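Have a look at the structure below, then the notes.
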Amino acid sequence: MKLLDTISALLFPPKCLLCRKVLDDEELDLCHTCRVEAPECPISRKKLPFVDSWAAVWYYEDWVRRSILRYKFYGARSNAHGYGRHLAMKLQREHPEGFDLMTWVPISSLRRLRRGYDQVELLADAVGKEMELESVCLLKKTRNNRPQSGITGYAQRRANVLGVYRVTEPELVQGKRVLLLDDVITTGATASECARVLLTAGAKEVHCGAVAAARHQAKK
C-alpha cells in the first residue's frame, strides 16, 4: 500500500488549491505564495436579508475565482477537501459556540445530472468532517431557474430565486441554529432566499459560510 501511495504521489503530486503549483512536502492545500497573497475576505458586518451572519474565506477574484470555476465546471472535485478545511477553520474561529445543523444551497436535479455532482454538497461534507457536524439535506430546488452568474443586480437575482427552494424536513429545523453553506456569495440573494425559507420553517437562526465572496459584498 505504501508503494502504491508513493507511486501515486510521484505521478499525481499534490498541487496548490488555487494556482496549481506543485506543493512542497511541508505544504498543505496552498503554496507559500498563495497562503500569503490570496485575497482573504475579512469578517463582514454587512447584513444579508434573513441571514444572521456570514463569512467567506477569500474574495472571489484572481486565482480564487479560477480555482472555483475549475471546481464547479471542470470536474475538480478534490478541491472540496481543501476548501472545507479553510472554511471550517474560519467558521470555528468566528462561531466557537457551534451550530445545531448544517445544510447547503442545492443545485437543480438537471444541473446535477449534467455536472455529475453537487459542488456545495461536497463542500458541506468536507466542512462537516472538519467540524464534526453532520451535513443534512434540508433544502430542495423546485425548478431549474436561470443561473445567477448570468444575471446582474440584486433585485433581478432576488426575483430569479424567489420561491425556488423549499424545506424538505421542517421538523428538523425547529428552534435550531443552522449553518447554511454555499460556494460563492455574490449579491447574497440566493443565501437570503434559502435563509428565509429555513426561518419560515421554524429555524431560530441562519448563518452562512462560503468559500469566496465578491469584494463589494464584503465591504461595510
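Listed values, structure above:
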item	result
Residue count, the range 66-95 (criterion: within 15 Å of VAL120 (Cα to Cα) and of a type outside the set (Gly, Ala, Ser))	14
Residues of the range 49-62 satisfying the condition of being buried (at least 19 other Cβ atoms within 10 Å of the Cβ) and over 13 Å from the mean Cα position of the chain (by Cα)	PHE50, VAL51
Yes/no for ALA124 being over 15 Å from the mean Cα position of the chain (by Cα) and small (Gly, Ala, Ser)	no
Looking only at the range 26-48, and only at residues there that are open to solvent by 60 Å² or more (accessible area, probe 1.4 Å) and assigned to a loop (DSSP other than H, G, I, E, B), the one that is nearest to VAL127 (Cα to Cα)	LEU28
Residues satisfying the stated conditions in the range 158-198, i.e. closer than 18 Å to CYS137 by Cβ and in contact with a Gly (Cβ under 7 Å, 6 or more places away or on another chain)	PRO170, VAL173, GLN174, LEU179, LEU181
Answer from ALA191, ALA212 - the residue that is outside any strand (DSSP E or B), in contact with a strand residue (DSSP E or B) (Cβ under 7 Å, 6 or more places away or on another chain) and crowded, with 24+ Cβ neighbours inside 10 Å	ALA191
Set ILE43, ILE68: member being of a type in the set (Val, Ile, Thr) and at pLDDT below 95	ILE43
Long-range neighbours under 8 Å by Cβ, at least six apart or interchain, first residue acidic (Asp, Glu) within the range 189-207, second assigned to a helix (DSSP H, G or I) and open to solvent by 10 Å² or more (accessible area, probe 1.4 Å)	GLU193/ARG158
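The values are calculated or read from the model by the stated rules, or taken from the named source; none is laboratory data. Bear in mind that the values here come from a model prediction, so they are computed numbers and not experimental data. Neighbour counts are summed over all protein chains in view; Cβ atoms, including those assigned to glycine, are modelled from backbone coordinates with ideal geometry. Just so you know, the surface numbers come from the protein's heavy atoms only, side chains and all, with ligands and any DNA or RNA stripped out. Shrake-Rupley method; radii C 1.70, N 1.55, O 1.52, S 1.80 Å.
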